[in-house]
Amino acid sequence: MMGKYSALWTAGMPLRKFLILGERSMWMWIVWPAFLVAAILEMLVFAVLDPQMLTIFGSRVEWSREAIYTITFFIFWIMMMASSTLTVLLSRSSAQINHLASPKRFTHQNTRLEH
């Protein structure tokens with residue numbers, strides 16, 4: 001990435017390394033709880049609201065119920081993933097975020113903690 005966005009690209013490098021190059025199990029710490037909470041939130045919201053009665057800026061939404069359920073589920077899921085990502089990110093030390101020290105991880109080959 002070159003040009004006017006290059007400073008932004010390099011400024012976010014620790015977060016990108018944490019998210020993209022991080023441990024695979026860390027993704028499950030983010031995605032799975034977010035999925036469960038989004039599903040529960042979806043059920044609670046639409047137990048109270050009728051999707052056919054939704055309005056956006058004063059005009060009624062002309063989508064099918066399934067489309068509204070699907071879109072709102074993905075919105076809830078993305079919001080919950082953002083929350084889980086922030087929680088995981090804030091639980092790490094600054095050295096781990098900046099890759100000065102690698103986090104301890106469990107290896108399945110020898111079942112011991114590795115530094």
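Rank these for me by crowding, TRP32, TRP77, TRP63, going from fewest to most other beta carbons within 10 Å.
Values: TRP32 11, TRP77 19, TRP63 14.
So the ranking, lowest neighbour count to highest, is TRP32, TRP63, TRP77.
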How many nm separate the modelled label positions at ALA95 and ILE40, each set 7 Å beyond the Cα in the direction of the Cβ? 3.5 nm
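Laboratory data are not the source of any read-out in this text; all were calculated from the coordinates shown. As the structure is a computational prediction, the values presented were derived from the model and not from experiment. No Cβ is skipped: glycine too gets one built from the backbone with ideal geometry, and neighbour counts run over all protein chains shown.
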